[in-house]
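In what follows, a structure is listed as structure tokens, so that the remarks can point back to it.
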Amino acid sequence: PSERAGLTDPPVTGPAMNTPTASAKPTAMGAIAAGALWSVATAITTNRMEYGPEENVLFDLSVANLGANAILPELRLKLTVADDSGVHHVEEHTLVNLYPLDSAALDASWNTALNAPGTYTAAVEIIMDDEVVAAAATDFTIVPVMKVSGEVAVDPKVIFQGGGVRTSYSAASRGNIAAGPLQIRILVLDAGNLAEVSSHEENIILGMNE
């Protein structure tokens, strides 16, 4: 942020953004006092265009006072992340004393968690005196990812000739889409030549995050 523009809420820190995806020209002009004209512009970028589940989307937000002779005493910056199903994230910051021809920059982030794949819109609004005076938006995509893992265990670990062993297994889905129908096959192999001694098969259905 500018040395002259104060922030009442500290920005979220993060790496520099380098992928411009949207910007906005000044969307409002007016007078704070007689003969003092102001003009505000804002922009928003993301560090990437596509994200998987449980990844951080990093935003770079900027606000500029393009007026030549008016200090903007207080601006509210509102960041919203939404898709067709609704709003998933909202946060606000306050800028104070943004001088003429000066600008301020803030960083923010949002974790995709296990939100559904699709197109999301990040929008920034600059509000002064309860009126939106500048706005910008950019789109990014959450891609579908299916992650399936499994574990197998035997008890006991060592048996004598003719003894028995109990085998247990588990499967888990950790992606942002359902794994669906899966076939699990447990094999007992001869340690010497890897020949199949016994096997067990089972069909299961795994939903998302099950």
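Points worth noting:
- The residues of the stretch 53-100 have, on average, 44 Å² of accessible surface per residue, using a 1.4 Å probe with all protein chains present.
- FRET efficiency for Val132 and Asn209, using Cβ-Cβ distance with R0 set to 35 Å, rounded to 0.05: 0.40
- Spatial separation of Cα centroids for the stretch 85-163 and the stretch 165-179, in angstrom: 26
- Trypsin sites (Lys or Arg not before Pro) restricted to DSSP loop in the stretch 120-210 with at most 13 other C-beta within 10 Å: Lys157
- Around Thr121: net Lys/Arg minus Asp/Glu count, Cβ-Cβ under 10 Å: -3
- When the stretch 116-210 is described by a simple charge dipole with +1 on each Lys and Arg Cβ and -1 on each Asp and Glu Cβ, the residue from Tyr120, Pro156, Gly192 located farthest towards its positive end is Gly192.
- Length added when fully stretched, Glu91-Asn193, from 0.36 nm per residue minus Cα-Cα: 30.6 nm
- Leu37/Val143 FRET efficiency (R0 45 Å; Cβ-Cβ; nearest 0.05): 0.50
- Length added when fully stretched, Leu114-Asp83, from 0.36 nm per residue minus Cα-Cα: 9.8 nm
- Site pair Ala105 and His200 shows an inter-label distance of 5.9 nm when each label is modelled 7 Å from Cα along Cα→Cβ.
- Each residue of the stretch 163-171 was assigned a 3J(HN,Hα) from its phi angle through the Karplus curve 6.51 cos²θ - 1.76 cosθ + 1.60 (θ = phi - 60°); the sequence is x, x, 9, 9, 10, 10, 8, 8, 9 Hz, with glycine and proline shown as x.
- The charge dipole of the stretch 57-206, taken about its Cα centre with unit charges on the Cβ of Lys, Arg, Asp and Glu (plus for the first two, minus for the last two), comes to roughly 800 debye.
- Taken along the Cα-to-beta-carbon direction at a fixed 7 Å, the label points for Ala153 and Glu50 span 3.8 nm.
The values are calculated or read from the model by the stated rules, or taken from the named source; none is laboratory data. Predicted model only: the values in this text are computed from it and were never measured. With ideal geometry, Cβ positions are generated from the backbone for all residues, glycine too; neighbour counts draw on all protein chains shown. Ligands, DNA and RNA are excluded from the accessible area calculation, which covers all protein heavy atoms including side chains. Shrake-Rupley method; radii C 1.70, N 1.55, O 1.52, S 1.80 Å.
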